[in-house]
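J.: This is the structure I want to talk about, given as structure tokens.
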Amino acid sequence: MRSSKVNWYKYASPVNFYPVAGRLIPWFAVPAATLFILGLYQSFFVAPTDFQQGEVYRIIFIHVPAAWMGMFLYLLLAFYAGIGWAFNARLSSMMASSLAPTGAMFTFLSLVTGALWGKPTWGTYWAWDARMTSTLILMFLYIGFISLQAAIDDRRRADRAGAVLALVGVINIPIIYFSVQWWNTLHQGATIRLLNKPTMAAPMLRAMFIMLAACWLYSIAVVLYRLRCIILERELGTARVAAANPQLAQLPQKGVI
Amino acid sequence: MFGWMLRRDLMLAWRRRSDVLSTLFFFVIVVSLFPLGVGPETQLLKLIAPGVLWVAALLASMLSLGRLFANDHQDGTLEQMFLTPQPLYLIVLAKVFALWLVSGVPLTLMSPVLGLQFGLSPGTLLILLVSLFIGTPVLALIGSIGAALTLGLRGSGVLLALLVLPLYIPVLIFGASAVDASIAGISAQANLLLLTALLVLATFFSPWATAAALRISVE
Amino acid sequence: MLEASNLECVRGERLIFRNLNFALQPGGLLQLSGPNGSGKTSLLRIICRLLAPAHGEIRWRGENIDSLDEEYSMLLTYVGHKAALKDELSALENLRITNGLCGATSDAKTLGSALEQLGLGGLEDLPVRLLSEGQRRRAALAVLAVSNTKVWLLDEVLASLDRKAVDLVQNLIEAHLDKGGFAIVSTHQDLTLSASSFQRLDLAS
């Protein structure tokens, strides 16, 4: 039997990764949809009513996974952007650009669900507690990254500038979080910790994990899809893309990146 | 080397004095807007003073960042800096230091005068001065990263603000809390020490990030 | 001793040039020509390490310039499109600062005579913004009269100069080449100077 060596490096080229990404998407999209349905069912019908917060607490099944995704995706973004910069790997940088909108969306979702949770529970839409404030600042970091990349015409400069910004952001996150905690304790005095998660019974934990897994799978599917769009935008001028993907030959060649 | 860059920037700032003074006047005007906005009640003003003074100083510092690299980039002197024997890190440090001397220090010295408008006591005014003295260099250092990243872009002023203001938040928190502590009669030492820690970190790491960002922007 | 092999330059996803090669020996002059946008400035910037090539490398004395540290930058004098002068400072002050930043410590007299050599005697204390375009260009080129770097990279520097100034600059370049220096000059005009080796690189091809 002839041993075949897979040349993995070939897939570091955006052009070659494009069809691979296309084939991978359904493997994540379908399980994501399934898990979402399962998770929502679990959250609304199986998890028991909370002793303290009644039915309202159920929003945490979206709020908490969204918050975690916002955080993780930023770290992932910084990682890919850093690799793209250090190794001059275009695909890596494109991955970082692809992650940003999804991460921003989850962060925004976490802020909105946090506000919706706060109103019935604590009487106010926005409470300046450490976690929500840090999430707000994370939102600003995402907006900064996306705006910077949008403002630069030269794609490679945009990739690298985004990398510097993301890495500076990642390093600053612990500092920002610590300072917000500090600020919060200084001004809260003797307060109840707002937005406390209720003690979690097993069905609740299960629902949480299912929703988190659903969010991860959704993220991967969406990010891969967006990555394909970015690859098209940036590489459409290349003849190799046309050769590797004959169905694109019908599209008008813009040659503008 | 470092000295030459510093000398050059200070000479240039002296010849463009109006730029420098306008940053200072911006600070004064913005601070004066707040009592006009919230009313002259002394207790209220005392409450908001640390935040207002610090935010205004922060915004004024941020405005001065536009001058850091843009001019050199336009007349071609920036690329020459890449070709000197000294590491870009030192050149950046010299430029940021010059910027701080020319905008941060006047702001800091002006602040006690403005603090009087808010009815702060002499002890608090001193803490305000010290907190800005330690904090404004940090703002300049962190801001220089943003200035380097947004070099030559359209709408770079607003974009710079977007990038840099979230990173300014820890400085704002520790600085304003220091003044707050003094008003409350307790020691501001913890906050000032944290500010100093930020200064040390920023001095070591941000010129490096700024130099990297400059290379990226100039290519 | 200064050679380029297989250089490829991509700017903003547009291919500017590829498969570019040259080799320069001490005393050699390389003239770059070609229409606007053909990559003359990009090539000079690649040699200065202000820009990274997409492929290929430049070697100084056999070593890839990316592996050399500040000593390589010290070998170069790059006079670009924009006269790297601060408008508020005088020609003399500009020259003194450029000098100081490069670690050289020429005294005021040497710098003054350099400016005189370029026909700026009497104008050296005026803020540069008051000088005419040709005078600014000459002030920017004054650095050539005081530098003792080995490699001169000149980008369209003869553009706004009159006949006399062009001759001045060509004399400076000749003297530099005689001392064993290298010069890479991008220009539309014809150079009429003698060099031990005169190569032309047309980037239009």
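FYI, it's all coordinate maths here, none of it is from the lab. Keep in mind that what you see is a predicted model, and the values were worked out from it rather than measured. Quick reminder, even Gly has a Cβ in these numbers, built from the backbone with ideal geometry, and neighbours come from all protein chains shown.
J.: Rounded to the nearest 20 debye, what is the charge dipole size of chain B about its Cα centre when +1 sits on each Lys and Arg Cβ and -1 on each Asp and Glu Cβ? Could you put the intermediate results ahead of the total?
T.: Working: 10 positive and 8 negative charges, 58 e Å.
That gives a dipole near 280 debye.
J.: Can you give the Rg/Rh ratio of chain B, where Rg is from the C-alpha atoms and Rh is the Kirkwood radius?
T.: Numbers: Rg = 17.6 Å, Rh = 17.8 Å.
Radius of gyration relative to Kirkwood radius: 0.99.
J.: Additional query: How many angstrom separate the Cα center of the stretch B:144-219 from the Cα center of the stretch C:112-184?
T.: Centre-to-centre distance over Cα atoms comes out at 42 Å.
J.: Continuing with this model, one more query. Arrange the following residues from fewest to most other Cβ atoms within 10 Å of their Cβ: A:F45, B:F97.
T.: Numbers: A:F45 9, B:F97 21.
Fewest-to-most Cβ neighbours within 10 Å comes out as A:F45, B:F97.
J.: What translational diffusion coefficient, to the nearest whole µm²/s, does chain C have by Stokes-Einstein, given a Kirkwood radius computed over alpha-carbon pairs, a temperature of 37 °C and 0.692 mPa s viscosity?
T.: Estimated diffusion coefficient is 187 µm²/s.
J.: Using Cα centres only, tell me the gap between the stretch C:33-84 and the stretch B:56-105 in whole Å.
T.: 24 Å
J.: Report the normalised scattering of the stretch C:85-205 as log10 I(q)/I(0) at q = 0.14, 0.20, 0.21 Å⁻¹, calculated by the Debye formula with identical scatterers on the alpha carbons.
T.: -0.60, -1.16, -1.25
J.: According to the square roots a ≥ b ≥ c of the eigenvalues of the Cα gyration tensor, what is the shape class of the stretch A:24-229, taking rounded for a/c under 1.5, prolate for a/b larger than b/c otherwise, and oblate for the remainder?
T.: Working: a/c = 2.76, a/b = 1.36, b/c = 2.03.
Since a/c reaches 1.5 but b/c is at least a/b, the shape of the stretch A:24-229 is classed as oblate.
J.: Next up: Counting other C-beta atoms within 10 Å, and keeping those with at most 16, which DSSP coil GluC sites (Glu not before Pro) do you find in the stretch C:31-80? Can you show the working numbers first?
T.: On the way: sites: C:E57, C:E63, C:E70, C:E71; in loops: none.
The qualifying sites: there are none.
J.: Moving on to the next point. Per residue and in cubic angstrom, what volume does the convex hull of the Cα atoms of the stretch C:83-148 have? Spell out each step's value before the answer.
T.: Values: hull volume 4.6 nm³, N = 66.
Considering the Cα atoms of the stretch C:83-148, their hull volume per residue is 70 Å³.
J.: If you don't mind, there's one more thing I want to ask. Can you sort C:D190, C:D87 by how many other beta carbons sit within 10 Å, fewest first?
T.: Sorted ascending by nearby Cβ count, the order is C:D190, C:D87.
J.: Charges on Cβ only, +1 for Lys and Arg, -1 for Asp and Glu, centred on the Cα centroid of chain C; of C:I46, C:T187, C:L141, which one is farthest towards the dipole's positive end?
T.: C:T187
J.: Please sort by residue number the chymotrypsin sites (Phe, Trp or Tyr not before Pro) in the stretch A:76-117 whose DSSP state is loop and whose Cβ has at most 12 other Cβ atoms within 10 Å. Walk me through the numbers on the way to the answer.
T.: Working: sites: A:F79, A:Y80, A:W85, A:F87, A:F106, A:F108, A:W117; in loops: A:F87.
Filter output for the stretch A:76-117: A:F87.
J.: Once you list every other residue whose beta carbon is under 10 Å from the beta carbon of C:T187, what net charge do they have if Lys and Arg are +1 and Asp and Glu are -1?
T.: Working: positive: C:K40; negative: C:D155, C:E156, C:D190.
Taking every Cβ under 10 Å from that of C:T187, the sum is -2.
J.: What fraction of the DSSP beta bridges in the protein assembly as shown is antiparallel, stated in percent and rounded to the nearest 5?
T.: 45 percent
J.: Right, something else. Arrange the following residues from fewest to most other Cβ atoms within 10 Å of their Cβ: A:V222, A:V20. Intermediate values should be presented prior to the final figure.
T.: Numbers: A:V222 19, A:V20 12.
The order, fewest Cβ neighbours first, is A:V20, A:V222.
J.: Another question, if that's okay. Return the calculated 222 nm mean residue ellipticity for the protein assembly as shown, to the nearest 500 deg cm²/dmol, obtained by summing -39500 (n - 2.57) across DSSP H runs with n ≥ 4 and dividing by the residue count. Mind showing how you got there, number by number?
T.: Working: 23 runs with 435 residues, N = 681.
After summing the helix terms and dividing by residue count, I get -22000 deg cm²/dmol.
J.: Here is a further query. When only DSSP loop residues count, what chymotrypsin sites (Phe, Trp or Tyr not before Pro) in the stretch C:54-84 have their Cβ near at most 11 other Cβ atoms within 10 Å? Walk me through the intermediate numbers first.
T.: Working: sites: C:W60, C:Y72, C:Y78; in loops: none.
Here no chymotrypsin sites (Phe, Trp or Tyr not before Pro) fit, given the DSSP loop and packing criteria.
J.: Please report, in debye to the nearest 20, how large the charge dipole of chain C is about its Cα centre when each Lys and Arg carries +1 at its beta carbon and each Asp and Glu carries -1 there.
T.: Details: 21 positive and 25 negative charges, 58 e Å.
Approximately 280 debye in magnitude.
J.: Starting from the Cα gyration tensor of the protein assembly as shown, multiply each eigenvalue by 5, take the square root, and state the resulting semi-axes largest first in whole Å. Please list the in-between numbers first.
T.: On the way: eigenvalues 532, 293, 58 Å².
Each semi-axis is √(5λ); the values are 52, 38, 17 Å.
J.: Just how large is the dipole of the stretch A:24-229 about the Cα centre, in debye to the nearest 20, putting +1 at every Lys and Arg Cβ and -1 at every Asp and Glu Cβ?
T.: Values: 13 positive and 6 negative charges, 57 e Å.
Here the stretch A:24-229 has a charge dipole of around 280 debye.
J.: Find out how many positive minus negative residues lie around B:V92, taking Lys and Arg as positive, Asp and Glu as negative, among other residues whose Cβ is under 12 Å from that of B:V92.
T.: Values: positive: B:K95, B:R215; negative: B:D9, B:D72.
Computed value for this residue: 0.
J.: Still on this structure, please answer the following. Which of C:A84, C:N99, C:P127 sits closest to the plus end of the dipole of the stretch C:83-148, meaning its Cα is farthest towards the positive end, when Lys and Arg get +1 and Asp and Glu get -1 on the C-beta?
T.: Among C:A84, C:N99, C:P127, the one farthest towards the positive end of the dipole of the stretch C:83-148 is C:A84.
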